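Participant: Take this structure first; my questions come after.
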Amino acid sequence: MQNHLLLTSVFVLCALTGAAAAADSPALIDNSKVVPVTRFLEDQPLNENAPALRAALMDWEEKSKDVVDVVCPGVFAPLPDDHIKYGSELVVQFIFGSAAYQIANPGEKGKLMPAQLAGMRSMLKAYRSFLARDPSARIPRYDELSKDDEQGTLPKVLEPLVIANCKS
């Protein structure tokens, strides 16, 4: 699986390199690449290609009509915070995880709780990957949420946060 993700990363980077040279270039990421690239970033957030992949996913996300991203900062507190190591990468991973879930499950598009849960799980996977490579990146709240995820209680913990922080 990891080799598949790496190959996807290489494919996307080839597309980035070729398309960057062309004016009015086509989208670098399309719906078929969102899930594998999101998974790659969960597993290898410090890969040398990760910044380019994040930029391509953000570009796709901004233009996509196939996902509804609701970002409720209170849900993933203590982020956003410029003083937390890898904070911006974790926030965008939340967005990517939510989007990937909606692409993989089109009938769930715009459903708040499933998308928030998917975003949180993706962000926590990336957090654990960051932490495995850089122990100084520890965020105690994310350690708690990771434990909740492992114990199967994350949906119960997350739901009141979503209700409180995602008011329209």
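The values are calculated or read from the model by the stated rules, or taken from the named source; none is laboratory data. Keep in mind the model is a prediction, meaning the values are calculated, not measured. Quick reminder, even Gly has a Cβ in these numbers, built from the backbone with ideal geometry, and neighbours come from all protein chains shown. Keep in mind that these areas ignore ligands, DNA and RNA; they rest on the heavy atoms of the full protein, side chains included. Shrake-Rupley method; radii C 1.70, N 1.55, O 1.52, S 1.80 Å.
Participant: Give, in nm to one decimal, the length gained when the segment between residue 32 and residue 109 is fully stretched (0.36 nm per residue of separation minus the Cα-Cα distance).
Facilitator: Gain in length upon complete extension: 26.1 nm.
Participant: Now, a different point. Tell me, how many Å apart are the Cα centres for the range 28-65 and for the range 92-135?
Facilitator: About 12 Å separates the Cα centre of the range 28-65 from the one of the range 92-135.
Participant: If I model a spin label at residue 71 and residue 133 as a point 7 Å from the Cα along the Cα→Cβ vector, what separation in nanometres do I get?
Facilitator: 2.2
Participant: Enter the accessible area per residue of the range 59-114 (Å², integer; probe 1.4 Å; all protein chains in place).
Facilitator: Result: 50 Å² per residue.
Participant: Further question: Can you tell me which lysines have their Cα less than 26 Å from the Cα of residue 147? Leave out same-chain residues fewer than eight positions away.
Facilitator: Of all the lysines, those that pass the test against residue 147 - Cα under 26 Å, at least 8 places apart if same chain - are 85, 111, 125, 156.
Participant: Can you give the local net charge around residue 159? Use residues other than it whose beta-carbon is closer than 15 angstrom to its beta-carbon, Lys and Arg +1, Asp and Glu -1.
Facilitator: It works out to a net charge of +2.
Participant: Of 53, 86, 35, which is farthest along the charge dipole of the range 31-92 in the positive direction, counting Lys and Arg as +1 and Asp and Glu as -1 at C-beta?
Facilitator: 35
Participant: Projected onto the charge dipole of the range 79-168 (+1 at Lys/Arg Cβ, -1 at Asp/Glu Cβ, origin at the Cα centre), which of 153, 164, 96 gives the Cα projection farthest towards the positive end?
Facilitator: About the Cα centre, the residue reaching furthest to the positive side is 96.
Participant: Another question about this same structure. Among 60-73, 39-52, how do they line up by average Cβ neighbours within 10 Å per residue, starting with the highest?
Facilitator: Final packing ranking: 39-52, 60-73.
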